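The structure under discussion appears below in the form of structure tokens.
The values are calculated or read from the model by the stated rules, or taken from the named source; none is laboratory data. Everything numeric here is computed off the predicted structure, so don't read it as measured data. All Cβ positions, even for glycine, are placed from backbone atoms using ideal geometry, and neighbour counts span all protein chains on display. SASA here: full protein model, heavy atoms, side chains in, ligands and nucleic acids out. Shrake-Rupley method; radii C 1.70, N 1.55, O 1.52, S 1.80 Å.
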Amino acid sequence: MGDLNYIFEQNETWRQRITTEDPHFFETLANQHAPEILWIGCSDARVPANQITGLLPGEIFVHRNIANMVIHSDLNALSVIQYAVEVLEVKHIIVCGHYECGGISAALDSKDHGLIDNWLRHIRDVIRFNSEELALFSGEEYAMRLTELNVIEQVNNLAETTVVRNVLHSKRELTLHGWVYSVHTGKLTELCKIAD
Ligand code: CO
């Protein structure tokens with residue numbers, strides 16, 4: 001009990017299955033890192049980028065944080081975005097939120113969550129920006145609509161980063177997508193799109 005040996009065993013099974021299907025898979029990947037998509041998603045364990053999109057290792061560059069936020073002063077997210085856009089030259093950036101998000105729920109209750117309340121303030125801002133529309137909803141539907149509005153807000157934040165603005169004003173192809181994922185059904189839905 002308590003050890004993680006089963007993960008190493010699963011890794012070995014997975015590695016062998018992949019190399020049986022394609023003997024050069026890892027060798028090819030080792031020599032190139034050229035994903036066309038950057039994924040900005042929630043850290044929630046139920047929303048793993050590769051599995052829910054059916055993409056293989058090498059196909060999607062991933063950044064995850066609580067409630068899939070793009071904050072103007074977050075050097076971690078901004079560094080990932082800069083690397084993805086300027087070095088990897090990704091063609092798409094997806095911000096993906098999900099229903100039943102703990103970050104959204106925590107922003108909605110009045111409890112003290114400690115440090116993370118500072119992060120969740122940004123979701124409170126989304127509530128303030130959209131107070132008229134959100135007044136039409138209550139209960140679970142309120143949380144669901146806030147989840148969607150938060151994704152749209154983060155896509156707008158992404159479009160306003162210096163790195164993305166430079167590309168959107170150039171001839172290079174870059175499309176920003178806002179998606180939401182249902183942990184109940186496993187379904188992805190598009191909410192918004194910004195193309196240059
Ligand atoms: Co979440």
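When each of Ser105, Ser138 is tested for being among the hydroxyl-bearing types (Ser, Thr, Tyr) and surrounded by fewer than 13 Cβ atoms within 10 Å (Cβ to Cβ), the lone residue that passes is Ser138. Write out, first by first residue and then by second, each pair whose Cβ atoms fall under 6 Å of each other, whose residues are 6+ apart or on separate chains, and whose first residue, in the range 85-113, is closer than 23 Å to Ile194 by Cβ while the second is of a type in the set (Phe, Trp, Tyr) and within 16 Å of the ligand (Cβ to nearest atom). What qualifies is Ile94/Trp39; Ile94/Trp179; Cys96/Trp179; Cys96/Tyr181; His98/Tyr181. Among the residues making up the range 58-79, those that are touching a Leu at 6+ places or on another chain (Cβ under 7 Å) and open to solvent by 20 Å² or more (accessible area, probe 1.4 Å) are Gly58, Phe61. Within the range 72-106, the set of residues being in a loop (DSSP other than H, G, I, E, B) and within 15 Å of the ligand (Cβ to nearest atom) comprises Tyr99, Glu100, Cys101. Residue check: Glu27 meets all listed conditions (1) more than 12 Å from the chain's Cα centre (by Cα); (2) within 28 Å of Asp74 (Cα to Cα); (3) among the charged types (D, E, K, R) but one, namely (2). Among the residues of the range 141-163, those identified as open to solvent by 60 Å² or more (accessible area, probe 1.4 Å) and under 25 Å from His184 (Cα atoms) are Glu141, Met144.
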